[in-house]
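The values are calculated or read from the model by the stated rules, or taken from the named source; none is laboratory data. Predicted model only: the values in this text are computed from it and were never measured. All Cβ positions, even for glycine, are placed from backbone atoms using ideal geometry, and neighbour counts span all protein chains on display.
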There are 2 protein chains.
Amino acid sequence: MSEKKNEKITSREVDFAKWYTDVCKAADLVDYSSVKGSMIIRPYGYAIWERIVAILDQKFKETGHVNVQMPMFIPESLFNIEKEHVEGFAPEVAWVTQGGKEPLEEKMIVRPTSEVLFCEHFKKIIKSYRDLPLLYNQWCTIVRWEKETRPFLRSREILWQEGHTMHATEEEAKEETLRMLGVYQDLQENYLALPVITGKKTEKEKFAGAEASYTIEAMMWDGIALQNGTSHYFGNGFAKAFGIQFLNKNNELETPYQTSWGVTTRMIGSIIMVHGDDYGLVLPPNIAPTKVAIIPIGKVDEVVSEIVCDLKAKDITYMVDNSEKSPGFKFAEAEVKGYPIRLEVGERDLKEGIITVVRRDTLEKIKVKKEEVISTVLELLPKIQKDMFDRAKERRDQMIYEASTYEEFLDHTKKHNGFIKTRWCGKETCEDKIKEDTTYKSRCIIREVEDGKCVCCGARAKYEIYFGKQY
Amino acid sequence: MSEKKNEKITSREVDFAKWYTDVCKAADLVDYSSVKGSMIIRPYGYAIWERIVAILDQKFKETGHVNVQMPMFIPESLFNIEKEHVEGFAPEVAWVTQGGKEPLEEKMIVRPTSEVLFCEHFKKIIKSYRDLPLLYNQWCTIVRWEKETRPFLRSREILWQEGHTMHATEEEAKEETLRMLGVYQDLQENYLALPVITGKKTEKEKFAGAEASYTIEAMMWDGIALQNGTSHYFGNGFAKAFGIQFLNKNNELETPYQTSWGVTTRMIGSIIMVHGDDYGLVLPPNIAPTKVAIIPIGKVDEVVSEIVCDLKAKDITYMVDNSEKSPGFKFAEAEVKGYPIRLEVGERDLKEGIITVVRRDTLEKIKVKKEEVISTVLELLPKIQKDMFDRAKERRDQMIYEASTYEEFLDHTKKHNGFIKTRWCGKETCEDKIKEDTTYKSRCIIREVEDGKCVCCGARAKYEIYFGKQY
């Protein structure tokens, strides 16, 4: 542990919002520019995104998807084809109205999402059942003209992936929707060490134009929810609006079924807000671009070279801090950056054959024999990964409250943040009332139920559901 | 060889421009949409780009560069800071003027390149000589409002990478400029099998705001040039305009020196136009997303499984065409897609233990014993790569002509396309005259010379230089 908490970072107990932006800045994840509402993702932040992209891209390919690249602009007339969709997105799109010196004949939006572009293309390339399923994905930037922005959480420009698939049957499309939700869950639980809840969005909260939207919800350290990804089943609404049809095996025309699904750099916000502490970022080993930081103290070049050589052989990413700063400063820096393991290689310690291994997640210092450094690192990395998930889950579970009456519900919202697990009749009026009374929104429906009462109106409940505040 | 040339593809002898777009479409590389001037990069085209990105990204990292992500918009006032730069780009930028329902207070352009964004950021993060060099790269999409567009060659939206670096000394920045030109040359010669010429752009042709621009020029099958990448040395012009300074070791303020360099999806156009033929695309093995196409004819599942297993073990990408189409149709399809090697695995041939191996580059059919298939593939792949480069180089060299008088120069331009190697006095008036008389533009300066005369005005020559028509 460095001697004192990082001066650049407000304590998360004091001001969690300030703590968050302090960590984003102090760990060199982002910076601001004169482009309002957009962020610069700095090399260390971008390296985390590159890790996420590499992991997900492989999973997408393993599940049969291929990458494509659509235009980033959408002409107004194309955007207007699906009615619900355009109503949902129109308030938050950026308009391009001029190209070079001349006004455009038809103005265009910068894509906020690409359903209509994919549909137009699908109409051209889908002819027969042999062309299905079409399993496409795109890595790109989208634009949503947000008024209030925060790094990674809400930004005018968002790096993301959007999957768009077409299927011959309803069943297959529904399977795909849930399969990709599962891929997101795998990424978030097993790499980002985020315990998540998955379920269905209510009618009110679903994607504009979707028949059903599924969500993956994480709870931040302060008990507030972050929607970390969505997967949508479209039925054949878009396909009908765009006139997409295929010849089935009996040579009859049918309309295909569609899905889309996406995750964004917002997940980096989750990693920060679930695992971070007052010393800075804490990265789970499975996602950390650099797993081990080596801090040489005194003349220890030879031993550092040996360690580096061994880490390379084991394919473990590392950095050596050879800067002119003091050891204490370097420790603090390694803590801010959240490297999972820090090795303090000191001249004095080495005389006794000792190296100090520091876990970033617990700040525990372990003195090991020089010969045991690599085996200790190899043992610790998966242990840190597991411990981080378990601790996050324990904390999250402690902040899930149950409410069977509206009084209990209100009581929870006054006492503490967190998720409230309850029952609901399915009516938007109740959802609206809860939001008005408490600012809590429905997070996701876990299951349909046959018994119990709506926590708000007392009518027969249809769903078990989570409510919570959200970022 | 399939029985006849592909019906979807115009012969390149008949109409090279039509041949090019036919190949782009027939090989499923691109498609069009209602977004004028932009293209859809389809999965097969995008897979080629993914290969290029993977190779270059590794080379960038090996040379010490890190990736970042800047905003895609540039406010008008920021864009206006460097005068030459804004004059160069203003005629071809797209303007965002409205966000959501409201007009923007300050209108913004969609980045045509990101020098000004990087400079604004560099000003914030560069304080001391310890912060230098800063070696940044960005993978992104840029927008240039072109009037006439062609797939990969000229498009309103371009996928590219842009490197931006800052250095303490002029010398170091100049070295970086040439180092990255060398990285491009390595990619293009050793992976894309493109013989290229590198050199310096004339004052007239250099990048708006640069002190010196270096270019990498390929010659297409029809003798027309394609500029396949540029690397710019900025001196400290931008740095001064943005007020970027650092404290040197003596604690004095200095202005750093800057470079930028970029390549785009245009390189895919080069691959097509240098290597393609009337049967379609021909991909060099080192860049082909799929190296081997396997065409089963009859009941040969078991042998195909064995081959697949062996290819996997050797990490050779492959596809098996199990569709319901006829073998002839599948052969033609494999030719259109340009898979470097095709294996025809036929039931009848197998009775004699024979498999037919077809080289895409020469269309040569080689009958080999079943047991020798994998060793043949392993031998052929590097041979095809080398032969493709050698053939392209031979053809290119035959189309480089020399001219020492203006008469000879004009004569060449009337007789044939190609590069003209000649001497030039360095004056823009001569460059302009040549362009007006012949449409030939300067490609690049190879070296300074002390003797000879300008091919145009007859004054003492300063440079040996290439001229050529360009895409």
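Just name the residue that is farthest from B:ASN67 (Cα to Cα) out of those in the range B:225-264 that are buried (at least 19 other Cβ atoms within 10 Å of the Cβ) and aliphatic (A, V, I, L, M).
B:ALA225
Per-residue answers, yes or no, for (1) free of Cβ contacts under 8 Å to residues at least 24 places away in the same chain; (2) surrounded by fewer than 20 Cβ atoms within 10 Å (Cβ to Cβ); (3) β-branched (Val, Ile, Thr):
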site	(1), (2), (3)
A:ARG144	no, no, no
A:THR149	no, yes, yes
A:LEU153	no, no, no
A:GLU162	no, no, no
A:GLY182	yes, yes, no
A:GLU189	no, yes, no
A:ALA210	no, no, no
A:ALA218	no, no, no
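Hey, does the range B:272-289 have a residue that's buried (at least 20 other Cβ atoms within 10 Å of the Cβ) and farther than 30 Å from B:MET219 by Cα?
No, the range B:272-289 has no match at all.
Within the range A:71-85, identify whether any single residue is in contact with a Leu (Cβ under 6 Å, 6 or more places away or on another chain) and touching a residue at least 60 places away in the same chain (Cβ under 8 Å), and answer yes or no.
no
What number of residues within the range B:426-471 are in contact with a Phe, Trp or Tyr (Cβ under 8 Å, 6 or more places away or on another chain), surrounded by fewer than 19 Cβ atoms within 10 Å (Cβ to Cβ) and of a type in the set (A, V, I, L, M, F, W, C)?
2
Among the residues in the range A:310-322, are any closer than 28 Å to A:THR10 by Cα and aliphatic (A, V, I, L, M)?
Within the range A:310-322, one or more residues are closer than 28 Å to A:THR10 by Cα and aliphatic (A, V, I, L, M).
When the range A:172-195 is examined, which residues are found to be over 18 Å from A:ILE271 (Cα atoms) and among the β-branched types (Val, Ile, Thr)?
A:THR177, the sole residue that qualifies.
Does A:TYR46 meet the test of being hydroxyl-bearing (Ser, Thr, Tyr), assigned to a strand (DSSP E or B), at pLDDT 95 or above and crowded, with 20+ Cβ neighbours inside 10 Å?
no
For A:ILE41, indicate whether it is among the β-branched types (Val, Ile, Thr), within 7 Å of another protein chain (Cβ to nearest Cβ) and buried (at least 17 other Cβ atoms within 10 Å of the Cβ).
In short, yes.
Within the range B:249-258, does at least one residue satisfy the condition of being under 23 Å from B:LEU135 (Cα atoms), in contact with a Ser or Thr (Cβ under 8 Å, 6 or more places away or on another chain) and hydrophobic (A, V, I, L, M, F, W, C)?
No, the range B:249-258 has no match at all.
I need the full set of residues from the range A:55-73 which are more than 7 Å from chain B (Cβ to nearest Cβ) and either in contact with a Gly (Cβ under 8 Å, 6 or more places away or on another chain) or among the aliphatic types (A, V, I, L, M) (or both), in order please.
A:ILE55, A:LEU56, A:PHE60, A:HIS65
Confirm whether B:VAL53 is at pLDDT 95 or above and over 19 Å from B:LEU153 (Cα atoms).
Spelling it out, it is not the case that B:VAL53 is at pLDDT 95 or above and over 19 Å from B:LEU153 (Cα atoms).
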